[in-house]
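Asks: Dropping a structure here in structure tokens format, bear with me for questions.
All of the numbers you see were taken from the coordinates with simple rules; none came from a lab. Small disclaimer: the values here were computed from a predicted structure and weren't measured. Don't worry about glycine lacking a Cβ; one is built from the backbone with ideal geometry, like all the others, and counts go over all protein chains shown.
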Amino acid sequence: MVKRLDSSPMPGSARSIARDAAKGTQVIQRVASIMRALAARQREGMRLLDLTEACGLERSTAHRMLQGLIAEGMVMQDQESRRYRLGLSLYELGLAAMPDHPLRELCHLHLAALARETGETVFLTARSGFDGVCLDRIEGAYPIKVYVLDVGKRRPLQVGGGGVAILSGLPEDEVARIHKANASRLAEHFPRHKQSVCEKAIGLARRQGHVVKDVVEVEAVRSVAVPIRGTNGHAIGAVSMATLTSRLGSARVRELVAAMKDTVRRIEAQIDREGT
């Protein structure tokens with residue numbers, strides 16, 4: 001009997017290394033083609049069928065790669081349209097080199113005017129999957145600065161006034177999905193942010209249209225936040241301020257909330273006209 005010899009290269013051999021390198025290069029090329037295709041149609045997004053045709057990939061291959069990219073925050077998928085777009089993790093990785101994120105570009109002048117009007121430092125947070133990412137921070141004239149967020153900072157949506165404001169503008173089933181996804185991470189890294197407390201804050205924010213919340217990580221600091229809604233009526237981001245609790249009496253809160261809601265109305269009107 002003649003034995004059939006295994007002709008596959010031995011692990012660690014030159015042929016094996018070359019084969020693995022070729023496979024790795026192919027994966028990189030496929031991922032790059034997906035990213036370029038999404039970048040070309042970032043505003044409207046792409047269906048899976050569009051991507052497979054544009055990139056010359058099998059449906060199963062494209063789907064598997066997209067799921068991996070979503071898990072890394074590099075790609076996001078709209079739950080209603082099912083279209084894919086580039087994710088905010090790319091923005092975080094290339095803040096200095098990458099063009100402005102569309103929401104930041106749209107909001108920046110509005111937020112600068114709000115900071116001038118109120119004297120407070122203003123923050124812009126955008127939703128990125130189960131997290132909120134700070135896209136912009138504009139300092140106000142008040143001499144005591146409260147820097148609770150740096151641009152590019154990513155946190156679970158349950159953490160911070162901006163994130164809670166975003167949650168208040170999402171459907172109940174989506175909020176439940178976010179709670180489930182973030183539960184272990186909150187327990188491990190943000191144990192003071194309890195789901196029961198967050199749910200009460202979300203309910204109050206829905207009734208009032210804004211969030212007033214103590215900043216857990218910084219003593220004697222409170223945040224005020226208002227959600228920004230996209231064309232489908234769901235929150236895509238939030239405008240927030242953080243200042244000393246001693247400066248936030250009820251009259252000042254009403255004043256800031258009114259100014260923030262006026263700003264958000266202008267932002268949302270521009271989103272309706274131009275999209276984002």
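Asks: So what is the relative contact order for the chain, in percent, with contacts set as C-alpha pairs under 8 Å and at least six apart? Can you show the working numbers first?
Replies: On the way: 405 pairs, mean separation 40.5, N = 276.
Reported as a whole number, the value is 15 percent.
Asks: For segment 103-226, what Kirkwood radius comes out of the mean inverse Cα-Cα distance, in Å? Let's see the in-between values first.
Replies: On the way: mean 1/r = 0.0671 Å⁻¹.
Averaging 1/r across every pair of different Cα atoms and inverting gives 14.9 Å.
Asks: Out of residues 5 or more away from ILE236 or on other chains, whose amide H comes under 5 Å of its own, with H placed 1.01 Å from N in the peptide plane?
Replies: Excluding prolines and chain starts, which carry no amide H, the hits are ILE228, ARG229, GLY230.
Asks: Still on this structure, I have one more. In what sequence do THR118, THR25 fall when counting other Cβ within 10 Å, fewest first?
Replies: THR25, THR118
Asks: For each of PHE130, PHE123, count neighbouring Cβ atoms within 10 Å of the residue's Cβ, then give the residues from fewest to most.
Replies: Working: PHE130 17, PHE123 29.
In increasing order of surrounding Cβ atoms, one gets PHE130, PHE123.
Asks: In Å and on Cα atoms, what radius of gyration and Dmax does the chain show?
Replies: 22.5, 94
Asks: Mind counting lysine pairs for me in the chain? Cα separation below 18 Å, and the two need to be 8 or more apart along the chain or on different chains. Kindly include the intermediate steps, with their values, before the conclusion.
Replies: Working: LYS145/LYS153; LYS145/LYS213; LYS180/LYS194; LYS180/LYS200; LYS194/LYS213; LYS200/LYS213; LYS213/LYS261.
Qualifying lysine pairs in the chain: 7.
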